[in-house]
Amino acid sequence: MSLRHHITRPLIEQNPITLQILGICSALAVTTSLTTALTMSVALTLVLCGSAAVISLIRHHIPGSIRLIVQITIIASMVIVIDEFLQAYAFQISQRLSIFVGLIVTNCLVLGRAEAFAMRNPVLPSVLDGLGNGLGYSLILLIVGAIRELLGAGTLMGRTILTTQAEGGWFQPLDLMQLAPSAFFIIALLIWVIRTVWTRQVETTEYPLRTGAERRQP
Amino acid sequence: MPSPMALWRAFLARPNDDRIKTFGIAVLVALVSAVVVSVTSVTLQPLQEAHLEAERQARIEAMLDTLPGMRALMEEAGVDALETRIVSLSDGRFAPEIDPASYDMRAAAELPETSIALPPEADVAGLKRRANFAPVYLLQRDGDLMLVVLPVHGTGYQSTIRAMLALEPDLNTVAALTVTEQGETPGLGARIEEPDWQALWPGKEIADQTGRIEIRVVRGEASGPHQVDGISGATRTGNGITNMLQFWLGEYGYAPFLDRLEREGL
């Protein structure tokens, strides 16, 4: 597999959110506006690349029995460092992201890539894989964030796009978009669209529903 | 005696399931991570604190803006900011020997020589220790008190809530309550930061005729001058605010200071 593939594959084909359904928690929580979604995306991508680099670098010396602890220690330290930087240089945004930067530690995506890829591959492919997965995650987050902010508040990055009725325009904001369930709906619609186009992603049914004559009588 | 480099190579050459190597790697990873985290934290702390301080100032300013006529009053009094004074909490007297600009109540509360340990039965707000001195913010005109702002803090559901309580000159009517810092559940308890909720506070009364501190956040709808509507789904945050006010308006809080103000004036 060429190096370029490490970045392009996770964008849609192997997207962490829409195919692997990882990192949903933060995708719900921080996508009420595009700014927070963007900050979270950058933070997660940095953690993914950084942890992939460090873990890949020392992968030959990580004892198998404590590998998850070592990985999570490295990831957690990077998350704390990034959180500290946000609090120092982007205070307003860090206040809005509140605990969700810290929760990058528990994002299955980060540990998943460390365990599945960085533990077994050289530094460069690992970093590119981290970058690719980070970008795949960011892509979905930004789409969801843009839809939620535009329909929920009529703004993008805080700038007014659709003037709301409260400010004398015509647009009636959809309050639902400010609530977490709307992110589920948008992600579900995205998954539907993606699997309609890339039919290979459609999973086979493990337990088909039996209907009609096949139906077992109680 | 082998050189350190040779020892290091010998350590790395050990098999990965070796006990010494497992232990060594664990210690090394923990050590390096701890150093990285500590260095970042210590280096960036001044910047972060500057942000918090600016935020606190901005909230006091915003609180002044919510009080009707307060700006006009300040203009009349010829001041553009509130006056900060340090108060000794034990006897309620001003402590002019302490410079308000450099006094840090939060740091003082952690040191044994500048704070007292609270007896458990009095520590309703879950503070454990309380600083001996506290800054208060005053607005006066011709020697008459127009507004006094008291910084308060207490334990909420999952964080320490910090707030500013502004009192009218009668020292029993709330002029405003502004939450300056909290880390409660986003969407539930964190809504104590919303102006809509804080707008419920002005006009509430602290104590009843007998002097008992009655002000509280209630579940559901408030009735009477001492109660404030709680936020549904955030009962424990509301209780945290109640306890915080109970403590800070009580004998270990600002009661000696408020009593003295009432008796003697400024």
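No lab work stands behind these numbers, since they all come straight from the coordinates. Just so it is clear, the model here is predicted, and its values are computed rather than measured. We place every Cβ from the backbone using ideal geometry, glycine too, and count neighbours over all the protein chains shown.
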Loop-resident sites, segment B:43-139, for GluC sites (Glu not before Pro), counting at most 13 other Cβ within 10 Å (DSSP): B:GLU97, B:GLU110, B:GLU121
The ³J(HN,Hα) series, computed from each phi in segment A:118-123 with the Karplus coefficients 6.51, -1.76 and 1.60 at θ = phi - 60°, rounded to the nearest Hz and given as x for glycine or proline, is 5, 5, 10, 10, x, 4
Specify the residue with the greatest mean-square fluctuation among B:LEU138, B:LEU89, B:LEU52, computed from a Gaussian network of chain B linking alpha-carbon atoms under 10 Å apart. B:LEU52
Backbone HN-Hα couplings from phi across segment B:157-174 [Karplus 6.51/-1.76/1.60, Hz, Gly and Pro as x]: 6, 9, 7, 8, 9, 10, 8, 10, 10, 9, 10, 6, x, 6, 6, 10, 10, 6
Per-residue Cβ counts within 10 Å, from other chains only, averaged over B:178-185: what number is that? 1
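Can you give the average number of partner chain beta-carbon atoms within 10 Å of each beta-carbon in peptide A:51-61, as a whole number?
If you average over the peptide's residues, the count of other-chain Cβ atoms is 2.
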For A:ARG9, the net charge from surrounding residues (Cβ-Cβ under 15 Å; K, R +1; D, E -1) works out to +1
Can you give the relative contact order of chain A as a percent, counting alpha carbon pairs under 8 Å and 6+ residues apart? 32 percent
For segment A:1-107, compute Rg over Rh where Rg is the Cα radius of gyration and Rh is the Kirkwood radius from the inverse mean 1/r over Cα pairs. 0.99
Please list the three semi-axes, largest first and in whole Å, of the ellipsoid equivalent to segment A:3-201, using sqrt of 5 times the eigenvalues of its alpha carbon gyration tensor. 33, 20, 12
Within 10 Å of each Cβ in peptide A:81-89, how many partner chain Cβ atoms are there on average? Round it to a whole number, please. 5
Only Cα pairs within less than 10 Å get springs; with that Gaussian network setup on chain B, which residue of B:VAL148, B:VAL42, B:VAL179 has the largest fluctuation? B:VAL42
Taking the Cα centroid of segment A:107-186 and of segment B:1-56, what is the distance between the two, rounded to the nearest whole Å? 33 Å
Cα-Cα pairs in segment A:120-218 separated by more than 16 Å, as a whole percent of all pairs, come to 73 percent
In cubic angstrom per residue, the convex hull of segment B:1-128 built on its Cα atoms measures 278 Å³
Hull shadow area, averaged, segment B:4-44 [alpha-carbon convex hull, nm²]: 3.4 nm²
Taking Cα centroids, how far is segment A:1-80 from segment B:148-171 in Å? 41 Å
hull vol. (C-alpha, convex hull) per residue for chain B, Å³ -> 201 Å³
Highest-MSF residue in chain B out of B:PHE133, B:PHE94, B:PHE11 [GNM, Cα springs under 10 Å]: B:PHE11
Under 5 Å between amide hydrogens, which residues at least 5 positions from B:ALA207 or on another chain qualify, with H placed 1.01 Å from N in the peptide plane? B:GLU214
Return a whole-number percent for the relative contact order of segment B:162-266, with Cα pairs under 8 Å and 6 or more residues apart as the contact set. 19 percent
Residue by residue through segment B:185-201, the couplings from Karplus 6.51 cos²θ - 1.76 cosθ + 1.60 with θ = phi - 60°, in Hz, x for Gly and Pro, are 4, x, x, 10, x, 5, 6, 4, 7, 6, x, 4, 6, 5, 6, 6, 7
Cubic angstrom per residue, convex hull over Cα atoms of segment B:153-229: 95 Å³
Which three extents, in angstrom, do the Cα atoms of the protein assembly as shown have along their principal axes, listed largest first? 82, 79, 54
Calculated [θ] (222 nm, deg cm²/dmol) that DSSP helices of n ≥ 4 give over the protein assembly as shown, each run adding -39,500 (n - 2.57): -14500 deg cm²/dmol
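Compactness ratio of segment A:70-188: Cα Rg over 2.2 N^0.38 Å, N = residue count?
Against the compact-globule rule of thumb, the ratio is 1.33.
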Taking N as the number of residues in segment B:119-203, the ratio of its alpha carbon radius of gyration to 2.2 N^0.38 Å works out to 1.23
